[in-house]
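Student: Quick one: the structure is below, and I'll ask about it shortly.
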Amino acid sequence: MRAELNRPAVFTIEGSKTPTNNVTADPESKSHSFDEVLDIIVIMAVLNETMGISIVIPAAQCDLNLSPTDKGILTGVSFAGIIVSSHFWGYMADTKGRRRTLIVSLMLTAICALVSGLSINYTMMVAMRFMVGVFISAPSATIFAYLGEFFKTANRTLVITYASVAVGLSAVFTATTGWYVLSFHWTVGLPGTELVLKPWRVLFFVYTLPTLVGAFWLMALPESPKFYLSRGRESEAFAILLRLYLENHPNAVAADFAVKHITPEAGQKNRSAGPRSSGSCWHVATSVWNQTVPLFRKPNVVNFFICCVVQFGLFVVSAGMGLWFPDIINRLTTSQVADVTVCDALDATADRRDNALGLEDAITTVDVVCNDNINERVFIYAITLGALYTVMYLAMSVLMRKLGRKSLVAFNLFFSGFSGIVLQFVDNTYVTMALFCSFLVFAGTSISVLNGATVSIFPTNVRAMAVCLSLMMGRLGSVFGSNLVGLIMEQNCTLTFYLFASGSIICAILTLFLPS
């Protein structure tokens, strides 16, 4: 009996075994707000780099001689970088470590972002913003796996949703700082160069601050213990868990830690048994293939397919339609026709614009002065939408405990689709704007919940890959959605809203098939 009592405790992370000696201590369930603040900063960095460019471009269009086509390419080129590199960063995070991947990618993002602020022409700007997208792709997905792995499965979606408050904060941050910085009108020429410093260049540096803070802050934090465990490095995983225990129990000592040994996750240790590295391209390609294939096999393939399709649909609605939000609301509020639906207002403004263009074509213009001033309404709309996202994420972090992840996402998406349909029949401007905001925000806030679900559903060894690839599908959805609005909104406004609203409802149905 004495020998039985002295046996070392065994702690299994998401394994099928139960701890011996009735050990219930779970250091993973206790992470400190310090880590959550870091994740908020990293998520802000991602949003600043991908969405902040939409505020910079109008102010830079004269200096870089940007045509409407150029501005469209600059807006989407970062997403192109994210899409093409998502698979690679998922592989790196699952094989080299979450923390290392985050630090390297954030530093490279900051360098490219700072250089893009010094661009002297359109070509240089496009190249740098594409590279920003390539490198920001890693933290845009890996941060969710890193954060989630410091918490028990039951709490992961909740803390990821809480950290996603940064989505709203980032929108408020980019709009308020952009409004303030771009209110100045000064120029400083650098001797011996073609470069002229202006406020819009400084704005690039301001937007890069969260990226730098996040990179340096991560250097003080540990690697995910679950990553170490998935690679067969139990002693390193144990050391991190002990560190977390001591930091969360200030009066405790190492001897108080009931866990003395960690068993590897089932089927994971063999993954680290092969050769550590090889310089051959064939070995790298084989390694990437082996890291990806499990997602397309049972029991992962159905859940992975659903996650990808739902992410695509969520980004189509929230980002694809969201990029047109300022323009649509601006046209709705400036419409000279009272008490009409949103589509009637858009049709009216389109007719006036076409008449104005026809008049301009009949007049010979001698000089055209480039205008790089930004209407204050753009900032006000962005701040309002960001505030709504912030409030919604905070509310969801509370409601999730009562309603559950699946029910909350299904309700959000059904309500998003309902709002998208109903707003077409409302002729009150303020009610229309409220429904339009609900249409976008309820779909957008579901993205973080789905990210949390993805982290919980898939095993550690393919978790980052699953998040990266599903978010890659989401980015494709944002590009597809924004282009679809541009193609069919003017020709058939009603059809556009029906399509996007139906997308939300279809995604709501699909989420019901995911594990609880």
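The values are calculated or read from the model by the stated rules, or taken from the named source; none is laboratory data. These figures come from a predicted structure and were not determined experimentally. Neighbour counts run over all protein chains shown; Cβ positions are idealised from the backbone, glycine included. Heads up: the accessible areas ignore ligands, DNA and RNA and are worked out on the full protein's heavy atoms, side chains in. Shrake-Rupley method; radii C 1.70, N 1.55, O 1.52, S 1.80 Å.
Student: Being out of contact with any Leu (no Cβ under 7 Å at 6 or more places or on another chain), surrounded by fewer than 17 Cβ atoms within 10 Å (Cβ to Cβ) and part of a helix (DSSP H, G or I) is the requirement here; does Ser438 meet it?
Tutor: Numbers: out of contact with any Leu (no Cβ under 7 Å at 6 or more places or on another chain): yes; surrounded by fewer than 17 Cβ atoms within 10 Å (Cβ to Cβ): no; part of a helix (DSSP H, G or I): yes.
Criteria not met by Ser438.
Student: Please count how many residues of segment 234-256 are touching a residue at least 12 places away in the same chain (Cβ under 8 Å) and either in a strand (DSSP E or B) or in contact with a His (Cβ under 9 Å, 6 or more places away or on another chain) (or both). Steps first, please.
Tutor: Let us first name the residues in segment 234-256 that are touching a residue at least 12 places away in the same chain (Cβ under 8 Å), namely 234, 236-238, 240-245, 247-248, 254.
Next, from what is left, pick out any that are either in a strand (DSSP E or B) or in contact with a His (Cβ under 9 Å, 6 or more places away or on another chain) (or both): 234, 238, 244, 247-248.
Going through segment 234-256 one residue at a time, the tally reaches 5.
Student: Is it true that Leu212 is under 19 Å from the mean Cα position of the chain (by Cα), open to solvent by 40 Å² or more (accessible area, probe 1.4 Å) and touching a residue at least 40 places away in the same chain (Cβ under 8 Å)? Reasoning before the result, please.
Tutor: Numbers: under 19 Å from the mean Cα position of the chain (by Cα): yes; open to solvent by 40 Å² or more (accessible area, probe 1.4 Å): yes; touching a residue at least 40 places away in the same chain (Cβ under 8 Å): yes.
The answer is yes for Leu212.
Student: Working carefully through the options Leu471, Leu423, Leu484, find the one that is under 24 Å from Ile160 (Cβ atoms), assigned to a helix (DSSP H, G or I) and aliphatic (A, V, I, L, M). Please lay out each step first, then the result.
Tutor: Values: Leu423 fails: under 24 Å from Ile160 (Cβ atoms); Leu484 fails: under 24 Å from Ile160 (Cβ atoms).
Of the residues listed, the single one that is under 24 Å from Ile160 (Cβ atoms), assigned to a helix (DSSP H, G or I) and aliphatic (A, V, I, L, M) is Leu471.
Student: Looking only at helices (runs of 4 or more DSSP H) that fall completely inside segment 1-96, which ones have 1 or more residues that are at pLDDT 80 or above?
Tutor: Counting at least 1 such residues, we get 33-51, 53-60, 68-96.
Student: To continue, here is another question. Any idea which of Ser448, Ser502 is open to solvent by less than 30 Å² (accessible area, probe 1.4 Å) and either in a helix (DSSP H, G or I) or at pLDDT 90 or above (or both)? Walk me through it before giving the result.
Tutor: Values: Ser502 fails: open to solvent by less than 30 Å² (accessible area, probe 1.4 Å).
None of the others qualify; the one that does is Ser448.
Student: Considering (1) free of Cβ contacts under 8 Å to residues at least 40 places away in the same chain; (2) buried (at least 18 other Cβ atoms within 10 Å of the Cβ); (3) among the basic types (Lys, Arg), say which one Lys96 fails and leave the rest.
Tutor: The one condition Lys96 does not meet is (2).
Student: Turning to a different aspect of this structure: What number of residues within segment 115-130 are open to solvent by less than 60 Å² (accessible area, probe 1.4 Å) and in a helix (DSSP H, G or I)?
Tutor: Taking segment 115-130 as the starting set, the residues that turn out to be open to solvent by less than 60 Å² (accessible area, probe 1.4 Å) are 115-117, 119, 122, 125-129.
If we keep only those that are in a helix (DSSP H, G or I) as well, we get 115-116, 122, 125-129.
So the count comes out to 8.
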